[in-house]
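The block underneath contains the structure these notes are about, expressed in structure tokens.
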Amino acid sequence: MELHVVIEGDKDLTGQLVRQLREAVRAGRLAPGAKLPPSRLLAEQLGLSRKTVNEAYARLTYDRVLIGRVGSGTFVAGKAVPQAPAPQRSDFAGADMLARWRGLHTPLRHAPHEGGSRFEYIGGAPDRKLFPQAEWRRCVMQALRESSRSRGLYGPTEGLPALREAIARHVAFSRGVRCGAADIIVTNGAQQAFDLVARVLVAPGATVAVEEPGYPPVRALFEGLGAHVVGVPVDGEGLQAERIPDGTCLIYVTPAHHFPLGMPMSTRRREALLARAEALGALVVEDDYDSEFRYEGRPNDALQSLDRHGRVAFVGSFSKTISPELRLGYLIAPPAINEAVAAAKHLVDWHTALPAQAALAKFIDEGELLKHIRRCHAVYAARRERLMQRFAADLAPWLELVPTQAGFHMAALARRTLDMDMLLKLTRRVDVGLYSIDGFYHFSPPRQGLMLGFGVIATEDIDTSLDRLRDILQQMG
């Protein structure tokens, strides 16, 4: 890569080079410690004599802009200088749109201190120590070897056929979903699946229904696209379908494991939701984010498997079962929207990274995904059981767990009024990372409670951390 320097004419060549290099350092285009090209190479690139370049380097070295190291080369000297932020303009034709996106509330964009406590209950994060490094590495290396023999062209927008077929088999086995490989579109995580569905169905001003409380990034996404978003209350059976307003074109739900409270949607409510969607002509987006981890009771059918009218789009993710760093998810779209979603995916990013897709296909086909889920299930089940025992015993005077059957987080609702801000500050001081459910309410006053993710906390650390929580609650009265 060539250093970007523009020399005009044939006068004061050394001065021109000095000024441009000095400005590149000042503006941050040449960072402190960056190595400059050797004088011979830069002279050839710019069509200058080597003497001119050497003189420029010498002058900047004298001014302490550059520093020469014998046997190593010439480097930018000094420490990074913070750049003043560029002024924001308000005269863009799209200023209203910019203001809308800037103003969106995104509470799950975790602040730097979050997720960093010794005893951590952050939600949505699987246990990194359980990640099958050796098995995944083997699949990745095999995928890279095969990729090296390819023509290096773009891939199919919908995803690699091998991965789509593997996903179809996996969801049929684990969730009873009815689909074929042709129904599946591989996405960059579940969030892209939600975006693609909204792009093809939700016009500005259209009504979209979400759960209240619910998953903030989805609500914010719909608002950013200009939708009129309404919150539909949930109770112990899930979404109250009869309260979905007329004119709704899209309904977002988490029926297997409500986010964030955790209860499953009852069969009666599932049937009512499908009937209401059919009456409205609306699409239901089923977010099945972590239901592979089920602990008790009979398995509930996926909402998609109960759908007889092509009203449900099933969204899955490998962020919870494998790792959120992979950014791999999928959408099982009903026939009416499949082609439109594929067109939107093509225009947005063409396709999801192919080597990662190939590695995941092998990981699933060779049975590694199911083995990994079983290993994680045993660990998470033990953590869940210990949490339930503690909240039924010495923590019961203050907090009550919401019954749940799946996933790796639970919600604990306050039995009495608590100063939640103070509670979270005090627990963080003793290295216990706890999180309120306040941020998941948007359309109604929040209930007081905690979201307890048990994907990260070590099983042997649960009692120690909850002892500290109990002691603080006692001190708070």
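Projecting label points 7 angstrom from Cα along Cα→Cβ for H4 and A203 puts them 4.2 nm apart.
A viscosity of 1.306 mPa s and a temperature of 10 °C, combined with the Kirkwood radius over Cα pairs in Stokes-Einstein, give a translational diffusion coefficient for the range 13-76 of 136 µm²/s. Positive contributions from Lys and Arg (+1) and negative ones from Asp and Glu (-1), summed over other residues with Cβ under 15 Å from the Cβ of A134, come out at +4. Can you give the local net charge around L30? Use residues other than it whose beta-carbon is closer than 12 angstrom to its beta-carbon, Lys and Arg +1, Asp and Glu -1. Net charge in that neighbourhood comes out at +3.
For the chain, the equivalent ellipsoid built from the Cα gyration tensor has semi-axes of 48, 30, 25 Å, listed from largest to smallest. The gain in end-to-end length when the L153 to A27 segment is fully stretched comes to 41.7 nm, 0.36 nm per residue minus the alpha carbon separation. Between the range 287-339 and the range 1-44, the C-alpha centres lie 54 angstrom from each other. A cut-off under 12 angstrom between Cβ atoms defines the neighbours of T464, and their net charge, with Lys, Arg +1 and Asp, Glu -1, is -1.
When Rg and the Kirkwood radius Rh are both evaluated on Cα atoms of the range 132-369, their ratio Rg/Rh stands at 0.97.
The alpha-carbon of K51 sits under 28 angstrom from the alpha-carbons of these lysines, leaving out residues fewer than 8 places away in its chain: K11, K35.
Here, each number is a calculation from the coordinates, and none is a lab measurement. The shown structure was predicted, so the numbers you read here are calculated from the model rather than taken from an experiment. In this analysis, Cβ positions are derived from the backbone assuming ideal geometry, glycine residues included, and neighbour counts consider all displayed protein chains.
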